[in-house]
Amino acid sequence: TRVAREVGTEGKLGGQAQVKGVSGTWRDLTDNVNSMASNLTSQVRNIASVTTAVARGDLGQKITVDAQGEILELKNTVNTMVDQLSSFADEV
């Protein structure tokens, strides 16, 4: 689908599938694709916001978005990195 291509391949976040007149399984599939795209968009944007803040010297932000699996591991790693950088900055 367009949304899968845009989000998964082209890195364009925020896309939503809009299919008129569908019901049943097709409606469920469309809703699930939209939910997945929305969730991924939220996670990536939150991670990008925090890493951008860190790059600008703001060590007071953490990733707060709900995550699971590998995205959770990334969230935890970035948050640990922020803590370590903040600790190093306090020592200087």
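Read-outs throughout are calculated quantities, based only on the coordinates presented, and are distinct from any laboratory measurement. Since we're looking at a predicted model, the values are computed, not measured. Counting neighbours? That spans all protein chains shown, and the Cβs are built from the backbone with ideal geometry, glycine included.
Counting neighbouring Cβ atoms within 10 Å and putting the fewest first, the residues Thr41, Thr9 line up as Thr9, Thr41. Based on the Kirkwood approach, the hydrodynamic radius assigned to region 1-83 is 14.2 Å, with every pair of different Cα atoms included.
Measuring between their Cα centroids, region 1-50 and region 56-75 lie 21 Å from each other.
Dipole of the chain computed with +1 at Lys/Arg Cβ and -1 at Asp/Glu Cβ about the Cα centre; of Ala4, Thr25, Gln84, farthest Cα towards the positive end is Thr25. Based on Cα contacts under 8 Å between residues 6+ apart, the chain shows a relative contact order of 20 percent.
Only the Cβ atoms of Lys and Arg (+1) and of Asp and Glu (-1) were treated as charged; on that basis the dipole of the chain about its Cα centre amounts to roughly 540 debye.
Against the chain, whose longest principal axis comes from its Cα atoms, helix 24-55 is set at around 20 degrees.
Can you tell me the dipole magnitude for region 1-54 around its Cα centre, using point charges on the Cβ only (Lys, Arg +1; Asp, Glu -1), in Debye to the nearest 20?
Working: 6 positive and 4 negative charges, 24 e Å.
Its charge dipole is roughly 120 debye.
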